[in-house]
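In what follows, a structure is listed as structure tokens, so that the remarks can point back to it.
The values are calculated or read from the model by the stated rules, or taken from the named source; none is laboratory data. Since this is a predicted model, take the numbers as computed values, not measurements. Neighbour counts are summed over all protein chains in view; Cβ atoms, including those assigned to glycine, are modelled from backbone coordinates with ideal geometry. Please note that ligands, DNA and RNA were not included when accessible areas were found on the heavy atoms of the full protein model with its side chains. Shrake-Rupley method; radii C 1.70, N 1.55, O 1.52, S 1.80 Å.
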Amino acid sequence: MVAIENQSQAARAVAAAAAEAASVAPGPRIPKEARRLLHELAAAWADVADCRALQVVPLKGAMTNEVYQVRWLTGGEADEPRGEREVRKVLVRIYGDGVDLFFDREDEVRTFECMSRHGQGPRLLGRFPNGRVEEFIHARTLSAADLRDTEISALVASKLREFHNLDMPGPKSVLIWDRLRNWLKTAKNLCSSDEAKEFRLDSLENEITALQNEVSGDYHWIGFCHNDLQYGNIMIDEETNMLTIIDYEYASFNPVAYDIANHFCEMAADYHSAEPHILDYSKYPDIDEQKRFVKTYLSISGEEPDAEEVENLLQSIEKYALASHLVWGLWGIISVSSCVKTSFCHCKTKAPVLFSNLYLVCRIMSMTLTSTTRSMQGRDSSSTGRRSLQIYNLDFLSM
């Protein structure tokens, strides 16, 4: 995605490490159909010197796609040094195999096109059988450290509110619970009987139902959610400070509290570190950071938000963080079991440990759900913080 994803994300992060290793494979692999499309696009641009003289640069960080920057030299003056000439750039996205286990590619393309019409992302320049060509955004992808920056975090909060308010086509129904149950079914089908038994997948339906019942009466504003707002899916134009949210594979209507909770969980991850599978929950935002983010999110009109609304949203976010763990825990099981992308197959050697660890996460969620809820009902807002997540900072995350 020019991106990756989140917590039980110990799973996804292990896959991230494999993807990073795979990125050094020799020579970019651009399909013939994609090259033909690129030649056609470049031939239509008067400033491109030679439509067939393209340079392909692999971009790191993608997991379910292969992503490349493609560039051409522009004409320039006859005596202008080659190194000083301008370049025309596009982005080529080659879809990963097996991603239909997670989302419908045609739905994702329709979302991409609609987002483009809303002015929210890159333009679609063309499609080929197993991918597409997009406008190249002249902006910097955020880093893990950027999410800790107060000013950037405020920009993310405002941009996320704008994203949630988009008038997107289709039914405005919540997807999170159907997604969890569908992914659980997929995980059961992919796991061997021994793995399913070891991981106790049969009990996860009860975990999902318990959490769904727990949040049913909470702050329930439904918006169009990204559902994967990690730092690699946010770009910033450093001249204008304008943000662009990219990669909509998992986007759908959901409770906005879930989307914010998932973003908070992403702050524990650094997918470009030497050990991307180790998640640092000391970086999960404390209560002051959470309040600051939520207040900015709710202050889109410029008015100070109501204190009760802020508190209600914070409580809901804290519970939905548990749903985020379940989502990416199941994502990890499916990825390891199915080898969604070639690089995921490298994770097979860690599968037994991974299954056991992911189940432990889900069991901890179940055991702490009730006590977490009770603590929130009677909590002092000055001491709230990360109760539902602190418990996940366990030794097994270092696998």
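Can you compute 3J(HN,Hα) from phi for each residue in region 136-145, using the Karplus curve 6.51 cos²θ - 1.76 cosθ + 1.60 with θ = phi - 60°, rounded to whole Hz and x for Gly and Pro?
Values per residue, Gly and Pro as x: 8, 7, 8, 7, 9, 6, 5, 9, 4, 5 Hz.
Between beta-carbons, use under 12 Å as the cut-off and find the net charge around Asp218, counting Lys and Arg +1, Asp and Glu -1.
With Lys, Arg at +1 and Asp, Glu at -1, the neighbours total -2.
Between their Cα atoms, which of Lys60/Lys319; Lys185/Lys319; Lys60/Lys283; Lys295/Lys319; Lys159/Lys291; Lys60/Lys159 are more than 21 Å away from each other?
In this structure, Lys60/Lys319; Lys185/Lys319; Lys60/Lys283; Lys60/Lys159 lie more than 21 Å apart at Cα.
Give me the percent of accessible area attributable to carbon and sulfur for region 120-200, probe 1.4 angstrom.
The C+S portion of the solvent-accessible surface of region 120-200 is 48 percent.
Relative contact order, percent, of region 143-235 when contacts are C-alpha pairs under 8 Å separated by at least 6 residues?
49 percent
Dipole of region 88-145, Cα-centred, from +1 at each Lys and Arg C-beta and -1 at each Asp and Glu C-beta, to the nearest 20 debye?
Result for region 88-145 is approximately 440 debye, rounded to the nearest 20.
Strictly greater than 15 Å: what percent of every Cα pair in region 277-328 meets that?
It works out to 55 percent of all Cα pairs.
Tell me, what are the semi-axes, in whole angstrom and largest first, of the equivalent ellipsoid of region 232-307 as set by the roots of 5 times the Cα gyration tensor eigenvalues?
Working from the Cα gyration tensor, I get semi-axes of 23, 18, 15 Å.
Per residue, how much accessible surface does region 203-287 expose to a 1.4 Å probe? Answer in Å², no decimals.
Computed with neighbouring chains in place, this is 32 Å² per residue.
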